[in-house]
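Comments concern the structure below.
The values are calculated or read from the model by the stated rules, or taken from the named source; none is laboratory data. Keep in mind that this is a model prediction, so the values were computed, not measured. Cβ coordinates were reconstructed from backbone atoms using ideal geometry, including for glycine residues, and neighbour counts include every protein chain displayed.
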Amino acid sequence: MNTDTIRHLLEKFYNGETDADEEKILENYFLNDDVETEFSTDREVFLHLSAVKNDSDFTVPEGMQKRISDNIDMWEKQSKANKLRYYTLYKYVSGIAAAVVILIGINVFMSKSQDDGMVMKDTFDNPQEAYMATENALQLFAEALNKGNAKMEKAKKVTVSVKEKIDDITNIRK
């Protein structure tokens, strides 16, 4: 048999990726006396496995499957716990980094605006004039708000009448 094929099959065997036919090929090769010297250790493994397989007195200890299953479950829980811990740590670190970036941005913006003379200045020197301008602006705002409210009332009346007509039609159908 080709040594490259045997190497490939052995690699798959030790990784747990072989099927029954491939394992049979390996078993037949290693149980013969014509084994290359580089595979002598592997031959011993297969001879031992063959002896265990043919031994009728060999039994699996009671509870072995449960112990193996429990160990696998424990390893999975540990793996999930580690992933959750790293994910939580990642969330906290990224949140802190975002806060630092925001604070640096605010600091840069504030210092730049103060340097450029963009500080708010009073537009009126006389407080009476400022009061009159504010009162005028609020009056304009109130008028615009009242116009909007009047149109909303009209829309509400139309909506109510349409809803009543729809209700009348559904009552007639019943």
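Observations on the model:
This table checks each residue for (1) under 19 Å from H8 (Cα atoms); (2) in contact with a Leu (Cβ under 7 Å, 6 or more places away or on another chain); (3) modelled with pLDDT under 85.
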position: E36; (1), (2), (3): yes, no, yes
position: R43; (1), (2), (3): yes, no, no
position: L49; (1), (2), (3): no, no, yes
position: V52; (1), (2), (3): no, no, yes
position: S56; (1), (2), (3): no, no, yes
position: K66; (1), (2), (3): no, no, no
position: S69; (1), (2), (3): no, no, no
position: M74; (1), (2), (3): no, no, no
position: Q78; (1), (2), (3): no, no, yes
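- For D122, the conditions (1) acidic (D, E); (2) modelled with pLDDT of 85 or more; (3) not in a helix (DSSP H, G or I) are fulfilled apart from (2).
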